[in-house]
Each structure stands twice: as C-alpha cells, then as structure tokens.
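**Student:** The structure is given below, and queries will be raised subsequently.
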Amino acid sequence: MSIAFPAGVEILAPLQPGFESILTPAALAFVATLHRAFEPRRQELLAARVARQARLDAGEQPDFLPATRAIREGDWRVAPLPAALERRRTEITGPVERKMIINALNSGADSYMTDFEDSNAPNWNNQIQGQINLFEAVRGTIGYTNDAGKRYALGDKVATLQIRPRGWHLDEKHVRIDGQRVSGGLFDFALVFFHNAKEQVARGAGPFYYLPKLESHLEARLWNDIFCRAQDELGLPRGTIKATVLIETILAAFEMEEILYELREHSAGLNAGRWDYIFSCIKKFRRNPEFCLANRSAITMTVPFMRAYALTLVKTCHKRGAPAIGGMAALIPIKSDPVANEKALAWVRADKARDAADGFDGGWVAHPGLVPIAHEEFVKVLGDAPNQWSRQRPDVSFSAEDLLDFQPETPITEAGLRNNINVGIHYLGAWLAGNGCVPIHNLMEDAATAEISRSQVWQWVRSPKGVLDDGHKVDAALVRALIPQELEKVLATVSGQGEATASYVRAAQIFEEMSLAETYPEFLTLPLYEAMS
C-alpha cells in the first residue's frame, strides 16, 4: 500500500489495510502544520521539567506561584459548557479497542473517556486501529464480532465520548516531520480532530478531550494554543473544543487555577487522577531522605495529602464554574467469589459516596458493571440535578504544607513489596504484548499503578525510611530474591489463562533494571516504547 505523504512527512511503519483512511495526505499535512508550529515549545517545556526536577532534588519545595497571584485572586470563570458536558456523574474509561469502545458507550455511563494513553499499549497498530475505531464510533457504525459469533453494536443511547491523547513526554516514533519525531499527544489529537470534529459538532457532542500529566499552566497554555490553531485550520469557532485536565502531578496541584485560566475558553474542568498523582509524589521527591510513603494499599483518598488535593480541586473548579470529576475506582467485579465481590462493590460504593459528598460532580469507574453503583451514589446527593457546580466549599482551605503532608509512612511490609513486584511484572508483561489495561488481583491496572509499583521499590531501596515492619531494610538483594518468586506466580496465572509467557520473563528483567538502576527512568513507558513495534 502506498500513500502520497506531504513534503517532509515520513512514516516508518507498515501501512496495514484500512490505515489509508486515517493517514490521508490532508490529515498528515494537518499534523505537520501543528508540529512545525508547536514542537519547539514542547521541547522547551520538557527541558523545563528536567530543570525543575533538579531543583527538587536539591531541596526546593513546591509552592503557589507568586507571579500568578492575580489569576488566583481574580474574578473570572471558564466559558459556558455545552449540554453534553453538564451531566457527568458517571464516567467510564478504557483503551481505544473496538469491543471496549462499544461496551463502554453502551454502559449507561454519562461519559466515556477513551484512551490513547495509560490504558493503551501504544504500538503502531493500536494507535492507528484506535483512530479507525473512533472514526466509526463517532458515526455510530462501529461493530465487532467475537470468535464465538457474538455481535456487538452501539445501542440507541450512548455515553458522551471524550478522548485522551498521550502526554507531552511521549513521542510517536513511527512518524517524522522534517526528520524529527512528532509528539505522540499531538499526533493522536490532530488525527482524531481532523477526521471527526465537524461530525461531532453536527451530532452535538464534541469534540471533547482529556489532557494527561500536565505539570504546569504553561503546558496547559500550549494545549490551548494548539486548540486555537486547530480550530482555525478547520474553520471551527474558537471554544468549540472542550477539554478536561487530569490533575495527576503534584506540581499541577499548585497551579490548578492557572491551568483552568489558560484553558478557560476550552475548559471542561479538572479530574482527580489519583493513581498518577501518587506516582508523581514518589517520583518528584524520590531523592528526599525525609519522604517515604507506606504500602500502596495504605495511600487512600482519606490520607492527609490526598484529602487536601481532592477538596482543593473541588473548590477550585466550582469557584470557576467548572466541573470537578473524581478519580478512578479500580476495583472490578469478582464473578468467581461472591463474598469478595460484595466486599469490592461495597468499596466502590463508599468511594463514590465520598466523592459525591465532597462535592465532585462525577467519578470514574473501570468496568461497566460498576456504572449503576456509581450512579446511585451520586443520585443520592445530586437528585435530579446534573451537577453540583453551585457548591462552593468555602469551608475548604489548604496550604502548601497540607498538600505536602505525605502520610502515612508506615506500614511497609513484605506483602506490600511483593505486591509491587508482582503487579509491576504482570502489567509490564501485558504491556509488552500489546495490552495496556490489565485485570490484576481484582483491580483494573494501567500504566499509573505500574509506575507506583516500580517507583516505590526504587525509593524504598534508597530511602533510610524504606524498612519493612519486621525491621529488615528493603535493599537490592531482597528485591532480587523476590523477583523470581513473584515471576513464578505471574507465569502460573497467565499460563493458566492461555497466554504466552515470554513477555513476562522479559518484564521481570526490565522491572529489576528499572527498580535498581541508579538513574531513575522518568516514565517506564519511555524505554519500553523504544523496544515496541
């Protein structure tokens, strides 16, 4: 198959049948236009991240920015939202896989965030087939037939579609413009916007996006400028695009108002991306000898720094007339064990009840079976109202010290260490095999939880506080001893499910390298992506 690429555009990957419907000359020219206009700024912002990390390593503490005080104290609100984004009490998430898209859109949720990022392994086929899937989903023509002959199709009532491109740190290595790799996030956004935005406008529900892993309001400004240029290029009014920003880095938590301000013409609010947020805290303070978090299971939404983060997000959004969306309930139904299933469902119910009571306008679930539970808990608080934007939370006031009150530090247990190793190996093995959304120990895991797993191990080894509750120091020898044991458990699980095991053996090697290397990899997906087709 051949495609007439625009000048300066190269694709270094196979062009499978059907890919030509997405990788059209006009679409690629649109990608090139945005790349040439904005790639220098992306590189500047990525360099700024490195410089900021060096300052944190040297002992700098984050704080609210003096230079943007006027924004925080000013009287402004985000632009009005379309009706399709006023009711988001239940949002379901998942990768851009065909069956998942159909089931999620049919789930009864108010909104579906389909994902090119953390729950999607970004091999070339997944990325372009995902674009094809979304093209059909937007037009209502998407279908799927499984090996048993069961047919899946969209129902009459579907969730509002929102799309998450990759974060600023990820390249799309298969596409070069003027000899330079294109941004993965810009590539995802540009193609889906070019092919679908006008159709979504005609249907009254889009184009809507989620923006991941921002670390500053300047990174939000870059997205806003891209939105303006993209709308101008296609002849759409500015403000047509609406985007929700995931607050999933500790640095972004100090710039929530500024991020809303930068995107105010295009803002659809903020989301409490809890798992990446925990990962970000570990990553940013990994070399601070005073920082050390307990087992992942102990870092709930009720611990001090997570509580401060969540309530500040609600107050910030509602002050500016924007939705506040709660984070992911990662537990999934457990069909094989009714007792464990009831316990899991009760946890999800309590999680969503807390979100609703705190003032969130909706929350995330990872499985269609959890949509009714989440919906019920928000209805108990909201009744027939689509949201609770009017709830201002004047009682909430948290300082920088509150956002940095990293508790609890204990317990750190062998079981917690083993769980991190097990989840890390299992997820990495699935990711290498092309699956970025993996049920592990009755949780729907994605890259964020794998990042927590390997980062905690890395930090526990180096922190003087990384001591098990039995008194043993977490060190390289202990980690190396446990990895083969946990690999054996993972192999038994996946082979019992009929999966090939080679990628999991390689995953164990990678987990050891990443957990014990002196130089900390900023994102586990960066080196892994280079080895991916």
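The values are calculated or read from the model by the stated rules, or taken from the named source; none is laboratory data. For clarity, every value in this text was computed on a predicted model and none was experimentally measured. Positions of Cβ are backbone-derived with ideal geometry, glycine not excepted, and every protein chain shown enters the neighbour counts.
**Student:** Does any residue of the range 333-342 turn out to be modelled with pLDDT of 90 or more and part of a loop (DSSP other than H, G, I, E, B)? Before the answer, list the steps.
**Tutor:** From the range 333-342, those modelled with pLDDT of 90 or more are 338-339, 341-342; that's our starting set.
Now narrow it down to the ones that are part of a loop (DSSP other than H, G, I, E, B): none.
Within the range 333-342 (the criterion being modelled with pLDDT of 90 or more and part of a loop (DSSP other than H, G, I, E, B)), the answer is no, since none of the residues qualifies.
**Student:** Separate question: Restricting to helices (runs of 4 or more DSSP H) lying wholly in the range 415-533: which have 1 or more residues that are closer than 30 Å to Asn288 by Cα and small (Gly, Ala, Ser)? Spell out the reasoning first.
**Tutor:** On the way: elements: 447-462, 476-496, 502-516, 525-530.
By residue number, 447-462, 476-496, 502-516.
**Student:** While we're looking at this one, here's another question. Of everything in the range 495-513, what is within 16 Å of Asn419 (Cα to Cα) and either in contact (Cβ under 8 Å) with a residue 40 or more places away in the chain or touching a strand residue (DSSP E or B) at 6+ places or on another chain (Cβ under 6 Å) (or both)? Give them in sequence order.
**Tutor:** Going residue by residue through the range 495-513, those that are within 16 Å of Asn419 (Cα to Cα) are 504, 507-508, 511-512.
Passing the criteria: Tyr504, Ala507, Ala508, Phe511.
**Student:** State whether the residues of the range 32-45 include one that is part of a helix (DSSP H, G or I) and in contact with a His (Cβ under 8 Å, 6 or more places away or on another chain). Before the answer, list the steps.
**Tutor:** Narrowing the range 32-45 to residues part of a helix (DSSP H, G or I): 32-45.
Add one more test, that the residue is in contact with a His (Cβ under 8 Å, 6 or more places away or on another chain), and what stays is none.
For the range 32-45, residues part of a helix (DSSP H, G or I) and in contact with a His (Cβ under 8 Å, 6 or more places away or on another chain): absent.
**Student:** Please go through the range 66-93 and give me each residue that is of a type in the set (Ser, Thr, Tyr) and either touching a Ser or Thr at 6+ places or on another chain (Cβ under 6 Å) or surrounded by 19 or more Cβ atoms within 10 Å (Cβ to Cβ) (or both), ordered by number. Step through it out loud before you land on a result.
**Tutor:** In the first step, residues of the range 66-93 are kept if they are of a type in the set (Ser, Thr, Tyr); the result is 68, 90, 93.
The answer is Thr90, Thr93.
**Student:** Do we have Val96 as of a type outside the set (Ser, Thr, Tyr), crowded, with 18+ Cβ neighbours inside 10 Å, in contact with a strand residue (DSSP E or B) (Cβ under 8 Å, 6 or more places away or on another chain) and more than 30 Å from Asp156 (Cα to Cα) here? Talk me through it step by step, then tell me what you get.
**Tutor:** Details: of a type outside the set (Ser, Thr, Tyr): yes; crowded, with 18+ Cβ neighbours inside 10 Å: yes; in contact with a strand residue (DSSP E or B) (Cβ under 8 Å, 6 or more places away or on another chain): yes; more than 30 Å from Asp156 (Cα to Cα): no.
It is false that Val96 is of a type outside the set (Ser, Thr, Tyr), crowded, with 18+ Cβ neighbours inside 10 Å, in contact with a strand residue (DSSP E or B) (Cβ under 8 Å, 6 or more places away or on another chain) and more than 30 Å from Asp156 (Cα to Cα).
**Student:** Look at Glu451 and say whether it is modelled with pLDDT under 95 and either acidic (Asp, Glu) or more than 26 Å from Leu246 (Cβ to Cβ) (or both). Spell out the reasoning first.
**Tutor:** Values: modelled with pLDDT under 95: yes; either acidic (Asp, Glu) or more than 26 Å from Leu246 (Cβ to Cβ) (or both): yes.
The answer is yes for Glu451.
**Student:** Of everything in the range 431-452, what is aliphatic (A, V, I, L, M) and either surrounded by fewer than 23 Cβ atoms within 10 Å (Cβ to Cβ) or closer than 15 Å to Glu117 by Cα (or both)? Give them in sequence order. Even if it seems obvious, please write down each step before you answer.
**Tutor:** Initial filter on the range 431-452 (aliphatic (A, V, I, L, M)): 432-433, 438, 440, 443-444, 447-448, 450, 452.
Matches in the range 431-452: Leu432, Ala433, Val438, Ile440, Leu443, Met444, Ala447, Ala448, Ala450.
**Student:** Please specify each residue of the range 50-63 satisfying the condition of being surrounded by fewer than 17 Cβ atoms within 10 Å (Cβ to Cβ) and either under 28 Å from Trp364 (Cα atoms) or not hydrophobic (A, V, I, L, M, F, W, C) (or both). Steps first, answer last, please.
**Tutor:** So the first thing to find is which residues in the range 50-63 are surrounded by fewer than 17 Cβ atoms within 10 Å (Cβ to Cβ), and the list is 50-52, 54-55, 57-61, 63.
Passing the criteria: Arg52, Arg55, Asp57, Gly59, Glu60, Gln61, Asp63.
**Student:** If we keep just the residues of the range 126-179 that are under 17 Å from Ser21 (Cα atoms) and of a type in the set (A, V, I, L, M), which is surrounded by the fewest Cβ atoms within 10 Å (Cβ to Cβ)?
**Tutor:** Ile132
**Student:** Could you count how many residues in the range 495-521 are exposed (fewer than 15 other Cβ atoms within 10 Å of the Cβ) and over 17 Å from Pro484 (Cβ atoms)? Talk me through it step by step, then tell me what you get.
**Tutor:** Our first condition is that a residue be exposed (fewer than 15 other Cβ atoms within 10 Å of the Cβ); within the range 495-521, this holds for 495-498, 500, 502, 505, 509, 513, 517-519.
Going one step further and asking which of them are over 17 Å from Pro484 (Cβ atoms), we end up with 496-498, 500, 517-519.
The qualifying residues number 7.
**Student:** Could you list, in sequence order, the residues of the range 8-37 that are closer than 17 Å to Gly184 by Cα and in contact with a strand residue (DSSP E or B) (Cβ under 8 Å, 6 or more places away or on another chain)?
**Tutor:** Correct list: Val9, Glu10, Ile11, Leu12, Ala13, Leu23, Leu28, Ala29, Val31, Ala32, His35, Arg36.
**Student:** Return the pair list, or none, for Cβ contacts closer than 9 Å from residues in the range 416-431 that are farther than 18 Å from Val461 by Cβ to residues that are of a type in the set (S, T, N, Q) and surrounded by 24 or more Cβ atoms within 10 Å (Cβ to Cβ), at least 6 apart or on different chains.
**Tutor:** The qualifying pairs are Tyr427/Thr449; Tyr427/Ser453; Trp431/Thr525.
**Student:** Which pairs have Cβ atoms under 7 Å, sit 6 or more apart or on different chains, and link a residue in the range 1-28 that is closer than 22 Å to Glu530 by Cα to one that is part of a strand (DSSP E or B) and among the basic types (Lys, Arg)?
**Tutor:** Sorted first by the residue in the range 1-28, then by its partner, the pairs are Glu10/Arg176; Leu12/Arg176.
**Student:** Ok, one more. Is at least one residue of the range 247-256 without any contact (Cβ under 8 Å) to a residue 40 or more places away in the chain and either within 20 Å of Ile325 (Cα to Cα) or among the acidic types (Asp, Glu) (or both)?
**Tutor:** Our first condition is that a residue be without any contact (Cβ under 8 Å) to a residue 40 or more places away in the chain; within the range 247-256, this holds for 249, 252.
This time we only want the ones that are either within 20 Å of Ile325 (Cα to Cα) or among the acidic types (Asp, Glu) (or both), so: 249, 252.
Yes - at least one qualifying residue is present in the range 247-256.
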